[in-house]
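The values are calculated or read from the model by the stated rules, or taken from the named source; none is laboratory data. Since the structure is predicted, the reported quantities are computational estimates derived from the model, not experimental observations. Every residue, glycine as well, gets a Cβ built from its backbone with ideal geometry; the counts of neighbours run over all protein chains shown. Note: areas computed on protein heavy atoms with side chains; ligands, DNA, RNA excluded. Shrake-Rupley method; radii C 1.70, N 1.55, O 1.52, S 1.80 Å.
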Amino acid sequence: MGSRDAERGRLAAERLGARTVLLDVTDDASVAAAARTVAADGGLDVLINNAGVEGRTGDAGVIGAADATADAVRRVFETNVFGVVRVSHAFLPLLQRSAAPVVVNVSSGLASLSHVSDPDSPAYGYPGVAYPASKAAVNMLTVQYAKAFPNIRINAVEPGYTATDLNAHTGTQTVEEGAEIIVRMAQVGPDGPTGGYFDVSGPLPW
Ligand SMILES: NC(=O)c1ccc[n+]([C@@H]2O[C@H](COP(=O)([O-])OP(=O)(O)OC[C@H]3O[C@@H](n4cnc5c(N)ncnc54)[C@H](OP(=O)(O)O)[C@@H]3O)[C@@H](O)[C@H]2O)c1
């Protein structure tokens, strides 16, 4: 389990029975060191790109169109998009050595252009720019990586609106409910889907 904070990682790992590795997805050296540690520790079968930020303005609103400076949007992309690229690039050589490698990119329902542009969808009213754009980019990375690495099952998932730090615990699902599709897609076998975008009920429109 990657964590950028050693102590928070240790506490979470204790509860899960996991081992931790220091990992800041925005930092090349940290990601490279984590990949070396995991390689030395036996390799990797499943990579879950879960780290994400929503990006907030000073008054704790989301980064909407009027506030969307390049710097504000870049900060969100640094974690949500370049973090996925950085970690995937560093860990792909390890995944290639696995018999049944899997990548799960934790996207969002707000990545769906279909939903965000549909007035009948709850996603329509979300005013943020940076976060949905970053997750739409994650979906495209998923499709392109899946084609480039046909031996790896690579999918994007939408966990659903889940009570976590990201939304100040306003989400309506438990973390266990939100984790369900992540865990399910982490366990797909070599015959499972790849290059897809799923929530707990099945495939989602891009
Ligand atoms: N909650 C929802 O309703 C919802 C809905 C759709 C998608 N998602 C996605 O689900 C994923 C998990 O989010 P969450 O809801 O569980 O939010 P969260 O509680 O804020 O968790 C995000 C995690 O990402 C870690 N992180 C942030 N920047 C990082 C970095 N540079 N390097 C390493 N780790 C970093 C955070 O670490 P620290 O503990 O050190 O801050 C935190 O543990 C995200 O990709 C999010 O976009 C969430």
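Quick check, is Val73 under 26 Å from Gly171 (Cα atoms) and either among the hydroxyl-bearing types (Ser, Thr, Tyr) or at pLDDT below 95 (or both)? Spell out the reasoning first.
On the way: under 26 Å from Gly171 (Cα atoms): yes; either among the hydroxyl-bearing types (Ser, Thr, Tyr) or at pLDDT below 95 (or both): no.
No.
Each residue in segment 30-45 was checked for being more than 13 Å from the ligand (Cβ to nearest atom), of a type in the set (Gly, Ala, Ser) and either under 22 Å from Ala186 (Cα atoms) or open to solvent by 50 Å² or more (accessible area, probe 1.4 Å) (or both), and 5 of them qualify.
Listed here are the residues, each with its yes/no results for (1) without any contact (Cβ under 8 Å) to a residue 40 or more places away in the chain; (2) in contact with a strand residue (DSSP E or B) (Cβ under 7 Å, 6 or more places away or on another chain).
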site	(1), (2)
Thr69	yes, no
Thr79	no, no
Val84	no, yes
Val87	no, yes
Ala90	no, no
Leu94	no, no
Arg97	no, no
Ala100	no, no
Asn105	no, yes
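The lone criterion from (1) away from the ligand (no atom under 16 Å from the Cβ); (2) at pLDDT below 95; (3) crowded, with 16+ Cβ neighbours inside 10 Å left unmet by Gly58 is number (3).
Can you tell me which of Thr79, Thr20 is out of contact with any Phe, Trp or Tyr (no Cβ under 7 Å at 6 or more places or on another chain), more than 10 Å from the ligand (Cβ to nearest atom) and open to solvent by less than 80 Å² (accessible area, probe 1.4 Å)? Let's see the steps before the verdict.
On the way: Thr79 fails: more than 10 Å from the ligand (Cβ to nearest atom).
None of the other options fit; the residue is Thr20.
The residue of segment 2-17 that is surrounded by the most Cβ atoms within 10 Å (Cβ to Cβ), among those that are among the acidic types (Asp, Glu) and within 18 Å of Asp165 (Cβ to Cβ), is Asp5.
When you scan segment 150-206, how many residues do you find that are part of a strand (DSSP E or B), near the ligand (Cβ under 9 Å from one of its atoms) and open to solvent by less than 30 Å² (accessible area, probe 1.4 Å)? Explain how you work it out, then say what you get.
The initial filter retains those residues of segment 150-206 that are part of a strand (DSSP E or B), namely 153-157, 162, 173, 197-199, 202-203.
From what's left, near the ligand (Cβ under 9 Å from one of its atoms): 157, 162, 173.
Checking which are open to solvent by less than 30 Å² (accessible area, probe 1.4 Å) leaves us with 157, 162.
Within segment 150-206, residues that are part of a strand (DSSP E or B), near the ligand (Cβ under 9 Å from one of its atoms) and open to solvent by less than 30 Å² (accessible area, probe 1.4 Å) number 2.
Can you confirm whether Asp118 is assigned to a helix (DSSP H, G or I) and open to solvent by 50 Å² or more (accessible area, probe 1.4 Å)? The answer is no for Asp118.
Could you list, in sequence order, the residues of segment 182-206 that are of a type in the set (A, V, I, L, M), without any contact (Cβ under 8 Å) to a residue 60 or more places away in the chain and out of contact with any Gly (no Cβ under 8 Å at 6 or more places or on another chain)? Once the filter is applied, which keeps residues that are of a type in the set (A, V, I, L, M), without any contact (Cβ under 8 Å) to a residue 60 or more places away in the chain and out of contact with any Gly (no Cβ under 8 Å at 6 or more places or on another chain), segment 182-206 yields only Val183.
For segment 135-149, check the following and say yes or no: at least one residue is in a loop (DSSP other than H, G, I, E, B), open to solvent by less than 10 Å² (accessible area, probe 1.4 Å) and not β-branched (Val, Ile, Thr). No, the conditions are met nowhere in segment 135-149. For segment 22-29, the criterion of being farther than 25 Å from Gly189 by Cα, in a strand (DSSP E or B) and in contact (Cβ under 8 Å) with a residue 24 or more places away in the chain is met by none of the residues.
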